[in-house]
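First comes the structure, then the notes that go with it.
The values are calculated or read from the model by the stated rules, or taken from the named source; none is laboratory data. Owing to the predicted nature of the structure, the values given are computational and were not obtained by experimental measurement. So basically every Cβ, Gly included, is an ideal-geometry build from the backbone, and we count neighbours across all protein chains shown.
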């Protein structure tokens, strides 16, 4: 299991007092995913960090680059291509790209196929922040469990939940009564 990012803990933008609290207090306040809204916020990032703690946490793109043994600009271009092609996902917060670590195998830091399979289902509907939030929030299709907590035990259920949510979002978005096509 990975430790939470030391850069995340030291960065002044994170100084809310919550990170100095014992882990169980932070988890009670932020760990359910309830504080994660559809747009990045400090409370949302702290909640995501707590939700992903047992799955490796979140790390900056620079930290992930070092773990993947990327050494120069050309190598970091590879990390960007992985994101562009949907092999991995992350979100930007305060001019830093953050990546959920559950996407990487702890033993060799290769990219796990499970999270990629789920993200491919949701990519048309969700940006990196919302995709990360989807993994951190309780999901009704998963009996109010978080997808991140089931990655190692029930990937088929997570994929079904992703498909159900993607279908509903697409239906809502194209509904003349609810979505983007309203009034057409």
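Taking region 45-58 as the range and being out of contact with any strand residue (DSSP E or B) (no Cβ under 6 Å at 6 or more places or on another chain) and over 20 Å from residue 140 (Cβ atoms) as the test, the residues that pass are 46, 50, 53, 54, 55, 56, 57. Residue 148 falls short on exactly one of the conditions (1) in contact (Cβ under 8 Å) with a residue 60 or more places away in the chain; (2) loosely packed, with under 13 Cβ neighbours inside 10 Å; (3) on the phi < 0 side of the Ramachandran plot, and that condition is (2).
The requirement of being touching a helix residue (DSSP H, G or I) at 6+ places or on another chain (Cβ under 8 Å), modelled with pLDDT under 95 and surrounded by fewer than 18 Cβ atoms within 10 Å (Cβ to Cβ) is satisfied by residue 123.
Put simply, of 79, 131 the only residue that is touching a residue at least 12 places away in the same chain (Cβ under 8 Å), part of a helix (DSSP H, G or I), surrounded by 15 or more Cβ atoms within 10 Å (Cβ to Cβ) and over 11 Å from the mean Cα position of the chain (by Cα) is 79.
Considering every residue within region 170-180, establish whether at least one is in contact (Cβ under 8 Å) with a residue 24 or more places away in the chain and crowded, with 19+ Cβ neighbours inside 10 Å. No, region 170-180 has no match at all. Pairs linking a residue in region 42-58 that is at positive phi to a residue that is in a helix (DSSP H, G or I), with Cβ atoms under 9 Å and 6 or more positions apart or on different chains, are 56/101; 56/102; 56/103; 57/8; 57/49; 57/101; 57/102.
Just one residue in the set 36, 58 is under 13 Å from the mean Cα position of the chain (by Cα), crowded, with 16+ Cβ neighbours inside 10 Å and modelled with pLDDT under 90; that residue is 36. Could you list, in sequence order, the residues of region 97-111 that are touching a helix residue (DSSP H, G or I) at 6+ places or on another chain (Cβ under 7 Å) and free of Cβ contacts under 8 Å to residues at least 24 places away in the same chain? The answer is 103, and nothing else. Just need a number here: residues in region 92-116 that are in a helix (DSSP H, G or I) and over 14 Å from the mean Cα position of the chain (by Cα). Selection size over region 92-116: 1.
At pLDDT 90 or above, surrounded by 12 or more Cβ atoms within 10 Å (Cβ to Cβ) and part of a loop (DSSP other than H, G, I, E, B): is that true of residue 89 in this structure? Yes: the conditions hold for residue 89.
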